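For reference, the structure discussed in these notes is given below.
The values are calculated or read from the model by the stated rules, or taken from the named source; none is laboratory data. Worth saying up front: this structure is predicted, and the values here are computed from it rather than measured. Here the Cβ is made from the backbone with ideal geometry for all residues, glycine too, and neighbour counts use every protein chain on show. Just so you know, the surface numbers come from the protein's heavy atoms only, side chains and all, with ligands and any DNA or RNA stripped out. Shrake-Rupley method; radii C 1.70, N 1.55, O 1.52, S 1.80 Å.
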Amino acid sequence: MGTDDSDGSRDNSGAPEDEITTQADLSSNTAEPEPEPTSNNASTIDEQSPSTNFSSDDSSQSIEDMLLEFDEQDGLIRDRSLLDPNYVVEEDRIVGRDEQLQEVTKMLRVALGDNRPPNLFLYGPSGTGKSLITKAVCNNISRICKSRDISFGTIEVNCQDLDTLGVAVYELAKQAADQAGVDVEVPKHGVATKEKWDELYRIVNEHFDSVAFVLDELDMLVGRRDKQEPAFSRLLYQLSRAGANDDLTAYISVVAISNDTRMMESVGSRALSSFTPEDVHFNDYDANQLQAILRRRQDAFHDDVVDDDVIPLTAAFAAQTHGDARKAIDLIRVAGELAEREGDDRVQEAHVREAQEKVEKNRVLEVVRGISTQKKLSLYATATVAAEANDGTARSTTGYRVYQFLTESLEADQYHQETYVNKMKELTTYSLVDFERRSHGPTSGMFLEFQFGERPETILETLREDSRIDMVSTDAVESVVKAQIRNQT
């Protein structure tokens, strides 16, 4: 009551012992200290006089020389903004999404007549054009409204990094203030969330006739875990009711964007009744659509520097990982940068393959470095099963038996199957895995089936960089996995 639920970070009170047990042991690579210098001369190398003689053929360059040399190179990439997956491109560069583009445009266009647009729920896998189309349509609406003396605002936040409802409301107020060219008059922390709502309403009412609140990755805004209703449900309810309660005099539309097709099942009944969105589904891009997307951005490179097989190969790699256009664009960018770095005059198939390995490993490394010991063990066990399975999936029952083998081999803490499953479910938020509930006949019972967003082999290779996990024989683990897969019923 009257407290600020934005203070503090995510609640970790429910974290199990795995966060505090053998984390240091599993994540550290011990190394013997280097011997101390045995000569006084060795300790004074850095203090040598500038007159130290260097050979005349010394080829070392200063930082400035290297920077200027690169600056003088023509390079292969002409317009790097086109290789930014978040860059809002022109309409003729948006391909493979004609139906969704028409739906979003038709529903939001009523804002041109100074009317209230409907609420929208855009859902589908990551990198399928949800945010791109929303931004493109809103940018066009804003431009036309400006010519008609209608103040239309697009207030967009990405909810992935927002901890609580209070932080989310403040971020909305800040985005509205930035667009209006004014300051937010309440602090981010230390005040009740209601004061932040009041500030958001004030800014919108004073500076806008119509507003589209774009809530990207909304399902990530869970909030504090001691509240049963997730924060995104309370946010939707408050925004949807603001107009009816006369808190907002401006016309508002809420555009909720999520990768989770089942997000609306977690929205409370009150919020769902108020929100009542129009649904727009975005499916995966296929390889042909990804090729078309990349060809629309090929002019990011100079003429005739991209080999003919580069775009088809890039699209094929991206299509393998759920048809993600962001990954396709990012992949061809990295391939171009690798070619530039290596001094090549063309982007070739070899650069794409090298970029694929680099992008995959970097993405997995970024996630794996920050997860707990028990999540590492759970992920390693499950990825090993997926790598051996014909369909690339892993049953939770089979993964847990391999997890038991790993913990016994390492003499690490071993948790019940429910905890193992919960660890794997938590990893879905990193887009490493996804799961479905399945049953293979009346005798097999229910289980979760995990699918991987990256190649399981890449995940295993990354996890084996952990010195203690690498202590377990890969042959022994694979033998256990094969036996368990044979025993699946």
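Once fully extended, how much extra length lies between Thr249 and Ser273, figured as 0.36 nm per residue of separation less the alpha-carbon to alpha-carbon distance? Please list the in-between numbers first.
On the way: separation 24, 0.36 × 24 = 8.64 nm, distance 2.07 nm.
Value of the extension gain: 6.6 nm.
Glu354 versus Thr419, label points 7 Å from Cα toward the beta carbon: distance in nm?
Output for this residue pair reads 4.5 nm.
Which sequence of Lys188, Lys135 reflects their accessible areas, 1.4 Å probe, from the largest down? Before the final figure, lay out the partial values.
On the way: Lys188 85, Lys135 50 Å².
Sorted by accessible area, descending: Lys188, Lys135.
Give me the one-decimal nm value for the distance between modelled label points at Glu206 and Asp183, 7 Å along each residue's Cα-to-Cβ direction.
1.2
Pull out the extension gain between Glu408 and Asn140, defined as 0.36 nm times the separation in residues minus the alpha carbon to alpha carbon distance; nm, one decimal. Please report the intermediate quantities before stating the final value.
Details: separation 268, 0.36 × 268 = 96.48 nm, distance 5.98 nm.
Length gained between Glu408 and Asn140: 90.5 nm.
Does a label point 7 Å from the Cα of Asp304, set along Cα-to-beta-carbon, have any residues of the range 74-111 with amide nitrogen under 18 Å, and which are they?
Backbone N within reach: 74-78.
Residues in the range 409-425, backbone N under 18 Å from the label point at Ala476 (7 Å along the Cα-to-beta-carbon vector): list them, ranges by number please.
In the range 409-425, the label zone of Ala476 (backbone N under 18 Å from the point 7 Å along Cα→Cβ) covers 409-414.
I need the shape label for the range 252-372. Rule: rounded when a/c is under 1.5, else prolate if a/b > b/c, else oblate, with a, b, c from the alpha carbon gyration tensor.
The shape class here is prolate.
Using 1/(1 + (r/R0)^6) with R0 = 30 angstrom and r between the beta carbons of Asn288 and Glu426, what's the FRET efficiency to the nearest 0.05? List each step's numbers first, then the result.
Numbers: r = 35 Å, r/R0 = 1.17.
Given R0 = 30 Å and the Cβ-Cβ separation, E is 0.30.
Determine, for each peptide in 96-104, 478-486, 171-179, the mean count of other beta carbons within 10 angstrom over its residues, then list the peptides with the highest first. Mind dumping the intermediate values first?
Numbers: 96-104: 17.3, 478-486: 15.0, 171-179: 20.9.
In decreasing order of mean packing, 96-104, 478-486, 171-179 become 171-179, 96-104, 478-486.
Count neighbours as other Cβ atoms within 10 Å of each site's Cβ, and list the GluC sites (Glu not before Pro) in the range 345-440 that are DSSP loop with at most 13 such neighbours. Mind showing how you got there, number by number?
Values: sites: Glu349, Glu354, Glu357, Glu360, Glu366, Glu388, Glu408, Glu411, Glu418, Glu426, Glu436; in loops: Glu411.
Sites meeting the loop and neighbour criteria: Glu411.
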